[in-house]
1. Under 5 Å between amide hydrogens, which residues at least 5 positions from B:Ser215 or on another chain qualify, with H placed 1.01 Å from N in the peptide plane?
2. In what order, largest first, do A:Glu66, B:Glu341, B:Glu806 sit by accessible area if the probe radius is 1.4 Å?
3. Counting only other chains, and only Cβ atoms inside 10 Å, what mean value do you get across the residues of B:656-663?
4. Counting Lys and Arg as +1 and Asp and Glu as -1, what is the net charge of the other residues whose Cβ lies under 10 Å from the Cβ of B:Phe912?
5. Considering the dipole of chain B built from charges on the beta carbon (Lys and Arg +1, Asp and Glu -1) around the Cα centre, which of B:Gln688, B:Ala548, B:Ile626 is farthest to its positive end?
6. Among B:65-76, B:164-175, what's the highest-first ranking by average C-beta atoms within 10 angstrom per residue?
7. In deg cm²/dmol, rounded to 500, what helix-only [θ] at 222 nm does chain B give when every DSSP H run of at least 4 residues adds -39500 (n - 2.57) and the total is split over its residues?
8. Within 13 Å, Cβ to Cβ, of B:Asp757, how many net charges do the neighbouring residues add up to if Lys/Arg are +1 and Asp/Glu are -1?
Amino acid sequence: MGAIFAVVTGILFGLGVFQLLRRDLIKVAMGFFILFTAINLFLLAVGTFDGRVAPYVQPGTFERLEDAVPNGIPSDPLVQALILTAIVISFGSYALLLGMLNVVGKRKNSINADDLDDLKG
Amino acid sequence: MLLLIGLPAALAVVLLLVGRASLLRYSPAVLCAVLFAAFAGYVPIAETTPISETVPWVPALGLELAVYADGLALLFALLVSGVGAVIALYAVTYFDDPAERTRFLVLLMAFMSAMLGVVLAGNVLTLFCAWELTSITSFFLIGFKGKKDPDARSSALRALTVTGAGGLALLGGLSLMGAAAGSFTLSDILATDLQAHPWYVAMTVLVLLGAFTKSAQVPFHFWLPGAMAAPSPASAYLHAATMVKAGVYLVLRLYPPLGNTDLWAYALVGFGLVTFIWGGYVANRQRDMKGLLAYTTVSALGSLMALAGLPDSLGIKAALIGILAHGAYKAALFLITGAVEHATGTRDLDRLGGLRHTMPGAFAVALVSALSMAGVPPLLGFMAKDVFLEAHFPDPLGSLLPFLGAFVGSALVVAAAFTVLWQVFLRPAPAPDAHHDEHHGHDDHHHAAPMLAFAPGVLAVMSVLLPLALPLWQPLINGALGKVSELYVFPEHPEPLIASLAALAVGWGLMRTRGVWATAKPQATPSRRRAKPALPPRTLTAAGAYDALIAGVDRVGDVALKLQSGRIRYYLAIILGTLALLIVVLSVQLGNIALLTQLRFSTPGVTDIVKIGLLVLMVTGTLASILIRNHLIAVLSLGMAGYALGGVFLLEPAPDVALVQILVETLGTVMLMLMLGRLDIKMRIRAQSQLWDSSRVGRWRDIGISVVIAVAVGLVALSVVEQRPTRAEDNPIAVWHLLNTYPMIKVQDAVGAIVTDFRGTDTLLEIAVFATAALGVLFLLSNPKNPNETMQMPRVKLTPHDSSIENPLTTLVSRLALVFALLVAFSHWLYGGVQPGDGFTAGVIAGLAISLSYVVRGFDRTRKFFPWVKPRRFVLVGLAIALTNAVIYGLINGSAFLRVQDFGDAPAGLHFSSTLVFELAIALTVFGAVTMIMDTISHPGDESTEG
């Protein structure tokens, strides 16, 4: 399963990069969103042991994992916490990106990346 | 003494601040005189023991602000401050424009601090720093007239490049010396004999490169004549008396650890004498008075280098006297040049003449100085030339060549000195050049200012007085040599005296026959501005190499500029393409390709098949969002991909993540759609129609880059996934978190425990970032004239845009959804410890309900319906609670930052702890941020006027 996740991560990354290279800035913003998604998928894939149950533990103090989670192998909680943070942060940057896109559109009266030629020397 | 070094720089700052206050214009001269007196006071102490002071600076790097003042250092310090006083006095009159004068004095004082730093440094690294500072201030002084004169600019750049490159070599040499001696402190290095060290050749060559470039030795001399673009006082000070002698100072200073070897002797005497003779010859071919003096300076520096190279310290004393003599007469002559140019408007030797009548003061000074330069007894220059010839007599290196070279060079210098006197002052004035008068007239000429003759006069007096007052400066020489050494005006042996007088006679003859052997190169435009010294073609080797180098850099720059298309997409394509190639190369090197052959495929279960289906959905949705032109439909298909990922999370099983993913996906889609609504529809349609307008090449280039990146990322992901530990006992950190969740945090949700406690600081920062992003959106999109406008109470007027889909049914749905959402949010918050969901999801759910209202009712009516939604207040309160909760228990019972506090069990399966407070804070902050974003982007604003 992990290998398939990895392959899909690669495909999504390629699609995201392709979107980044579009002229339409809305498509570029979507490209970022695709990249965020791909990375979250990757984080999930690198989680240890292919769990079968959610990482919820029994109340009480235990020495062994089998006692704390009796129903089966739990999924890795650490990567899930990382993904949670990643989702929130990527949403924040996505919102900021869209805000900038809006400002650019208003100032230049265009959302075509090739019209933003302020860098041209 | 550190203080003394810093004083001129401090005065420079004061001058810079106070500007043109005329009272202060004499302050640099006064300060120099004070410094001179102070350094003179140190001489008796330093005669026996060097003075040293140390203030640590960066001890780990061996850097320290250290002073090491022995006789040699003090001799230079006296030269720097003494000549400096004269120059500062002279400059006050020389510059007519007060702004220029201030600028010059500031630079002069800055340079003076740097130069004192070089000669008094007690640590070779600080010496290097000061050395570079002198190069930089010299750059500014050469380019002083750079605004009007492009030649001055290129000369300044050339000087900086050559001396800067030499400075780098010097740094290398000094570093080697420091490493070899085990210390960068000067006194330690001086006490070490490095002559037998294995790195000796390397360090000597590097140090000499630094000294040769600074002191303008052939073949690096070409920058010095160009440096005459500087104002005359700067030329006199930096490029005759002090800075160019830094190289000489360096070789004298490092004589104990490095000197007295064959390499040292042949390098210094060889290069020195070649420079001596070459400089003297080229000087006689100059038509520019300043150019002539510049080349004789090159020549004099050569003679000093040669003296420093002689074995067994034979030439040191002669070098010291030579430094003093040259400083006195050459600086005076440069200043006279400035006075002549000031009065006549030209420096052309062929046009000047007869000035002994019109400028008697200047003539007197020039007479004494030029005679001293020629070495006429009993002036200081005569003394210097005697000891110079004596040091080379009869054969210190086992050959007569050095002595012959010294003799020829001396004769050439004599000829140059007499040329100046004859051409400028003694001969009758040439017939007025009609062409010249046409251009300049007489309005350009000034009356000779007495001060311009008085200041160099002080130096001329020195040329006369010093030989008469030997006992006065005897201690200085003793201190510099480290032993008592007899000073005398007339040498003990007759041979040097005879040679000296013979050189005088030969020089006189050479001057009379100058037209035959040293024909001047005709100058194209010998006007005042263009009177730069002509470089004879044969000296162009090093200068030509330099010019070719600069031109080459320019050409490379042109190529680089062609790559700058100004289109962001191309930059991105280049960056990403390079990145992709790097990753591929690394992957191949690390052997990740081999992994493809050993993939572990287990038989997929039912869950796996559903997961694969969801992944296919993801890829399809994403692909559709790329191919579809219409923005709205593309956004929706991208949203589908996001929901599919939520499904994958759910099946993992990771219910918390799945919940957040689905919520954020919803939020993101809503946000993007609202945002699209803000953009001008014509603009969007234009962008949509241009989507596939790129050329075939461009499209395949993008596809190529994307495929390479996909493959590269896929390979990296594959290798990571395949190499991760798959058994619980291989990953103790995950197991630790699972086992300690309940005992430490008293919750059952391991993910929630990590988010709120184990990695609680992360979460604290995360909500801060989220709130900041929301603020960013607010400031980007709100009215720039009145940023508070969007946050104020609703305007009464309703626009059709705002109420487009509002009807009783949608209002009812949105109201029910809000009630329901608030209930769900409440339960997420309370039961986050035992169920999926937490403060974050609570905040997002409540925020989504409000967002729905924005979509349905529009901005104004949403504001009216929910007056309690004050996003900024929510964010502020949320963050305040989070921070207080993180810190307060530390104040109460000393527990760590964010450490969980257990408040015990409560009815209905609840458990109270500080985590609950933290979750509340998260919920409030996130709710505030989400509503802030939605509020901002659904604000109608004034798009009608802006668009």
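The values are calculated or read from the model by the stated rules, or taken from the named source; none is laboratory data. Source: prediction; values computed, not measured. FYI the Cβ positions are ideal-geometry reconstructions off the backbone, even for glycines, and counts take in every protein chain you see. In case anyone asks, the SASA skips ligands and DNA or RNA and just uses the protein heavy atoms, side chains included. Shrake-Rupley method; radii C 1.70, N 1.55, O 1.52, S 1.80 Å.
1. For B:Ser215, the qualifying residues are B:Gly247.
2. A:Glu66, B:Glu806, B:Glu341
3. That average works out to 5.
4. On the way: positive: B:Lys746; negative: B:Asp902, B:Asp905.
That works out to -1.
5. Ranked along the dipole, the leading option is B:Gln688.
6. Highest to lowest by the protection proxy: B:65-76, B:164-175.
7. -23000 deg cm²/dmol
8. -2
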